[in-house]
């Protein structure tokens, strides 16, 4: 059986440790890297080129949904299994359309993890059984409706919205994304205008609704 190299991306160290222990107990599976935010995910994946990357949807700096297209562009050979606390139709549709090979809920039985890894390594798609039939049908294209709010924003604006919601100033965002302060301020003004939200508290609530940050952040 071919060796399967796996990379983990989740901002909770204890959860990552549990995943790592389960994966390392599997035959011919090795965890080769771990990261805790979406920006490091892209950088480290380029270096390690893992066979499978397990990505949490809610991560700081760049969430899993917006990191996924960048990850697939940087390392197209890696198969991605997305993790979420919820079997949310919006998330499942977005991840599969963006190139993910699997979607698991964090409440899944531990045996599901090996099933997901083996299925994805064979080139198959894995979805947690907890995901309803209607969600699966939507992901397969029978329901073309997408959340309008998310479509209003560009990927860069979503990045900046997430960083604002995480408490970063425009100066800090400029440093994180290697942009000028003026560029960040322009994106900030544009996303406020598109969303018709003009205070930070409102932006935080919007980021939560879009799944860019967890409700407990």
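Among the helices (runs of 4 or more DSSP H) confined to region 111-186, the ones with at least 2 residues that are loosely packed, with under 13 Cβ neighbours inside 10 Å and modelled with pLDDT under 85 are located at 133-137, 148-152.
Could you give every pair whose Cβ atoms fall below 6 Å, whose first residue belongs to region 67-80 and is assigned by TED's automatic domain parsing to the domain that holds residue 11, and whose second residue is part of a loop (DSSP other than H, G, I, E, B) and surrounded by fewer than 20 Cβ atoms within 10 Å (Cβ to Cβ), counting only separations of at least 6 or pairs across chains? Between residues of region 67-80 that are assigned by TED's automatic domain parsing to the domain that holds residue 11 and residues that are part of a loop (DSSP other than H, G, I, E, B) and surrounded by fewer than 20 Cβ atoms within 10 Å (Cβ to Cβ), the close pairs are 68/98; 69/98; 72/99; 75/49.
The values are calculated or read from the model by the stated rules, or taken from the named source; none is laboratory data. For clarity, every value in this text was computed on a predicted model and none was experimentally measured. For neighbour counting, all protein chains shown are included, and Cβ atoms are generated from backbone atoms with ideal geometry for every residue, glycine included.
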